[in-house]
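What follows is a short report on a single structure.
The values are calculated or read from the model by the stated rules, or taken from the named source; none is laboratory data. The structure presented is a predicted model; accordingly, all values stated were derived computationally and were not measured. A quick note on method: Cβ atoms are made from the backbone with ideal geometry, for glycine too, and the neighbour counts reach across all protein chains shown. These area figures cover heavy atoms from the full protein model, side chains too; ligands, DNA and RNA do not enter into them. Shrake-Rupley method; radii C 1.70, N 1.55, O 1.52, S 1.80 Å.
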Amino acid sequence: MQQTFSQYAQTITTEPNRMAYFNSLNRTEGVEGSPLLLPSWTSGKVFLIYGGVKEEPTEALNYNKVEKGLLVKISDNQVLNVDMGQIDHFVLKIGDSDVIFRHLPGQTQSFAEEVYAGPKYSVYKMVSSKFVKSDYQNKGLYESGSKLDRYVDATTYYVFSGDGKSATIVKGDRKEMKKIKEEMPLVASFFEKNVMDTSSPDKTMKDLALFLNK
């Protein structure tokens, strides 16, 4: 019988501190948001650096946006922090799609979602998160801040060209394009005629990739 990824991950990890309590990673009362990328665990495939492939058919995989690492659910109250140095890339089942996560070009530790991989340009998306304590204040005449501790997400897109050039995009606004124009004029040209769709930024970035790869 072929070994699943969760079985493989347990055999290569012997450090007790790589185990974490499930409840500490899930949404908890009084905390807004989550350190997890997906609202529920999912299946997928993990491609190892030595060329092996391990499939996880059960709903046991997720991604930690804070620590930027793959997680495997071992039991109802424990998960395993995967040694990312063992992984070349991985695929998570998200909705009806198989979403690929790869190393960002030129970086060995950071993984990002592959939005579009083209012959000339490729686009990647990274969602990171940080924990922010409640900062609520009541000054009598006005209130400010949040009453809840929360995880605050930030989404960054990366554009890479085949000749080694790159651009970082968060808003797609004029300030960003001013910095990008000299390195990647075609990217700036696209955003002169198009704005970032805040309701579906992934679509905007895919449209950008299609434009760049014409």
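Could you please find all residues in the range 29-52 being part of a strand (DSSP E or B), open to solvent by 60 Å² or more (accessible area, probe 1.4 Å) and either hydroxyl-bearing (Ser, Thr, Tyr) or within 26 Å of Lys147 (Cα to Cα) (or both)?
Let us first name the residues in the range 29-52 that are part of a strand (DSSP E or B), namely 31-32, 36, 42-48.
Next, from what is left, pick out any that are open to solvent by 60 Å² or more (accessible area, probe 1.4 Å): 32, 45.
Correct list: Glu32 only.
Which residue pairs have Cβ atoms under 6 Å apart, sit 6 or more places apart or on different chains, and have a first residue in the range 85-98 that is closer than 16 Å to Val115 by Cβ and part of a strand (DSSP E or B) and a second that is open to solvent by 60 Å² or more (accessible area, probe 1.4 Å) and not acidic (Asp, Glu)?
Taking only residues 6 or more apart or on different chains, the pairs are His89/Arg102; Val91/Lys45.
Which one of these is open to solvent by 60 Å² or more (accessible area, probe 1.4 Å) and in contact with a helix residue (DSSP H, G or I) (Cβ under 8 Å, 6 or more places away or on another chain): Gln137, Gln109? Steps first, please.
Values: Gln137 fails: in contact with a helix residue (DSSP H, G or I) (Cβ under 8 Å, 6 or more places away or on another chain).
Of Gln137, Gln109, the one residue that is open to solvent by 60 Å² or more (accessible area, probe 1.4 Å) and in contact with a helix residue (DSSP H, G or I) (Cβ under 8 Å, 6 or more places away or on another chain) is Gln109.
Can you pull out the residues in the range 65-74 that are open to solvent by 40 Å² or more (accessible area, probe 1.4 Å) and over 19 Å from Leu104 (Cβ atoms)?
Correct list: Lys73, Ile74.
Across the range 140-153, what is the total count of residues that are open to solvent by 50 Å² or more (accessible area, probe 1.4 Å) and out of contact with any Lys or Arg (no Cβ under 8 Å at 6 or more places or on another chain)?
Number satisfying all stated conditions: 7.
Does Gly44 count as over 16 Å from Ala112 (Cα atoms) and at pLDDT 90 or above?
Values: over 16 Å from Ala112 (Cα atoms): no; at pLDDT 90 or above: yes.
No.
Condition first: modelled with pLDDT of 95 or more and acidic (Asp, Glu). Now tell me which residues in the range 96-118 satisfy that.
Asp98, Glu113, Glu114
Within the range 123-133, can one find any residue that is of a type in the set (Lys, Arg), at pLDDT 90 or above, open to solvent by less than 70 Å² (accessible area, probe 1.4 Å) and within 20 Å of Lys54 (Cα to Cα)?
Checked the range 123-133: no residue is of a type in the set (Lys, Arg), at pLDDT 90 or above, open to solvent by less than 70 Å² (accessible area, probe 1.4 Å) and within 20 Å of Lys54 (Cα to Cα).
Which count do you get for residues in the range 168-206 that are small (Gly, Ala, Ser), surrounded by 17 or more Cβ atoms within 10 Å (Cβ to Cβ) and over 21 Å from Ser129 (Cα atoms)?
So in the range 168-206, the residues small (Gly, Ala, Ser) come out as 172, 188-189, 199-200.
Pick out the ones that are also surrounded by 17 or more Cβ atoms within 10 Å (Cβ to Cβ) and you get 172, 188.
Retained after the next criterion (residues that are over 21 Å from Ser129 (Cα atoms)): 188.
Residues that pass the stated criteria total 1.
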